[in-house]
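Beneath this line is the structure, given in structure tokens, with notes to follow.
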Amino acid sequence: MAHHKFAIGAEVRLISRTGLSPAAAETYRVITLLPIMDLSPQYRLRNDELGQERVSKEDNLSAVAESRL
């Protein structure tokens with residue numbers, strides 16, 4: 001059974017940016033886990049800096065590596 005890989009608050013990057021404006025944000029934060037549809041978990045994402053929100057399937061997301069100081 002499919003399950004969500006990313007938790008609320010996780011930072012993610014869109015793998016495919018096809019069809020997006022060049023002004024679209026690079027990274028997003030997971031704000032809501034959406035229902036699994038056709039065995040693919042979905043997420044509502046937000047970039048606070050640009051005020052952009054979008055929905056994406058998990059297979060189009062990758063984790064943003066945490067920077068280590």
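Rule-based calculations on the coordinates, nothing more; no lab input. Owing to the predicted nature of the structure, the values given are computational and were not obtained by experimental measurement. Here the Cβ is made from the backbone with ideal geometry for all residues, glycine too, and neighbour counts use every protein chain on show.
Anyone know which of Leu14, Leu33, Leu50 comes out most mobile in the 10 Å Cα GNM of the chain? Greatest mean-square fluctuation among the candidates belongs to Leu50. An ellipsoid equivalent to region 11-63, defined through the eigenvalues of its Cα gyration tensor, has semi-axes of 18, 13, 9 Å when rounded to whole angstrom and sorted largest first.
If you add up the charges near Thr27, with Lys and Arg at +1 and Asp and Glu at -1, over every other residue whose beta carbon is less than 10 angstrom from its beta carbon, what do you get? Around Thr27, the charge tally is -1. Taking Cα centre as origin and charging only the Cβ of basic (Lys, Arg, +1) and acidic (Asp, Glu, -1) residues, the dipole magnitude of the chain rounds to 20 debye.
Among the GluC sites (Glu not before Pro) in the chain, those placed in a DSSP loop whose Cβ has at most 16 other Cβ atoms within 10 Å are Glu26, Glu49, Glu66.
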